[in-house]
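Encoded as structure tokens, the structure appears first; notes follow it.
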Amino acid sequence: MGAREVGLPDTVGANGLPDRVTIWEVGPRDGLQNESEVVPVGTKLEFLDRLADAGGTVLEATSFVHPKWVPQLADAEELLAGLVKRPGVSYPVLVPNERGLERALRAGVEHVAIFASATETFAQRNLNRSLDEQFAMFDPVVSRAKAEGLAVRGYVSMCFGDPWEGAVPREQVVGVGKRLLDMGCDQLSLGDTIGVATPGQVTALLTGFDGVDRLAVHFHDTYGQALANTLAAMQSGVRTIDSSAGGLGGCPYAESATGNLATEDLVWMLDGLGVEHGVDLDKLADTSAWMAERLGRPSPSRVVRALRG
Ligand code: HMG
Ligand code: MG
């Protein structure tokens, strides 16, 4: 069921929005990395399969990080070995360094993401590197990945606020982002890792870059602003939006980071606006309800709760 089927009026005010967006589904990685229990690999594989069945075309599958840092994703090799890739679906994975890339290449991945921090404290806590040292870690990863023909995304975390440093200057975020683009990243995802941004700040940050063609946005819903921020980004022309099925996730190394924008909440808004996305909301909500049962708690997504009670 979508916004139209519940009898909402035709959309107005969608002018200036893209006709179509790509939903970059982060639930299997960003969602499950934050679970206190390790989800069995078979459940993860079924999750990925259901997400593909629901029409997801970019499914961020796992991370090749140090298993001691993120034990929830220590089964990355096993997951990739069991994954039946669907035609037309991309399965990017996170890699922090050359060791991670080596593991990912051996597992046959075609799409990787490095993940930088806009702040000094989060670079230390998330990567065990200073803000400057992180680039030395990423540079050979991007070069090798490009040479091997892989697509490369660059994340920037803590783009608006940081739990230890407070408000993050826009120039600092743009500086980090541009370095990742200059390094050769095909796409940059700007993350509001702790979910504090409001729409005017999103618009202001996006104007700091030379165009939005290579930009994606990644919002967390801590203060209920994720959809408003997404709309602001779309009005600025952004066409790739990160979200997590059922609103799963946070970040194990960022205090106060609650769930990612729920994919169902995003889909409901896109349907209402008449923006194409290719996801079947019914199948997706079923998947999130199924996963919530496995995790033993209800989905934080408002749309999943409205549709599946
Ligand atoms: P380190 O301890 O500084 O690593 O960790 P190192 O380079 O000093 O190496 C130490 C040992 O670890 C070595 O083994 C390496 O081989 C091994 P030894 O020689 O001692 O036997 N090692 C590895 N093993 C397996 N896989 C690897 C790997 N790398 C080194 N990839 C490191 C540095 C970056 C590895 C660590 O800090 C790490 O894994 N961090 C990842 C943390 C993480 O995944 N956080 C969550 C990401 S979410 C996020 O960032 C936000 C985002 O979601 C956006 C948003 O939500 O806003 C993207
Ligand atoms: Mg996130």
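A few notes on this one:
- Cα lying deepest toward the dipole's positive end in the chain, options Leu51, Val38, Ala292, charges on Cβ: Val38
- Stokes-Einstein diffusion of segment 94-234 at 20 °C, 1.002 mPa s viscosity, Kirkwood radius from Cα pairs, rounded to a whole number: 141 µm²/s.
- Loop-resident sites, segment 96-155, for chymotrypsin sites (Phe, Trp or Tyr not before Pro), counting at most 14 other Cβ within 10 Å (DSSP): none
- Extension gain, Glu148 to Ala136, is 2.4 nm, computed as 0.36 nm per intervening residue step minus the present C-alpha separation.
- Per-residue [θ]222 nm for the chain (sum of -39500 (n - 2.57) over DSSP H runs n ≥ 4, rounded to 500): -11500 deg cm²/dmol
- In Hz, Karplus ³J(HN,Hα) per residue of segment 93-100 (6.51, -1.76, 1.60; θ = phi - 60°; x = Gly, Pro): 10, 7, 9, x, 7, 5, 4, x
- Top of Ser243, Ser130, Ser299 by mean-square fluctuation, Gaussian network on the chain, Cα under 10 Å: Ser130
- For Val58, the residues whose modelled amide H falls within less than 5 Å of its own, excluding neighbours fewer than 5 places apart on the same chain, are Glu25, Ser90.
- Remark: spin-label model distance Asp282-Glu78 equals 3.5 nm, labels positioned 7 Å along the Cα→Cβ axis.
- For segment 185-288, GluC sites (Glu not before Pro) meeting the loop criterion (DSSP other than H, G, I, E, B) and having at most 13 other Cβ atoms within 10 Å: Glu255.
- Maximal additional length on extending the Glu293-Glu102 stretch stands at 65.2 nm, based on 0.36 nm per residue less the C-alpha distance.
- Extension reserve of the Lys85-Glu46 stretch, reckoned as 0.36 nm per residue once the Cα distance is removed: 12.8 nm
- Packing around the peptides 182-190, 91-99, 34-42, taken as the average count of other Cβ atoms within 10 Å per residue, puts them in this order, highest first: 91-99, 182-190, 34-42.
- In nm, spacing of pseudo-spin labels at Glu37 and Lys68 (7 Å Cα→C-beta vector): 2.7
- Surface/4 estimate of mean projected area, convex hull on alpha-carbon atoms of the chain, nm²: 14.3
None of the figures in this text is laboratory data; all of them are computed from the coordinates on show. Computed from a predicted structure; not experimentally measured. All Cβ positions, even for glycine, are placed from backbone atoms using ideal geometry, and neighbour counts span all protein chains on display.
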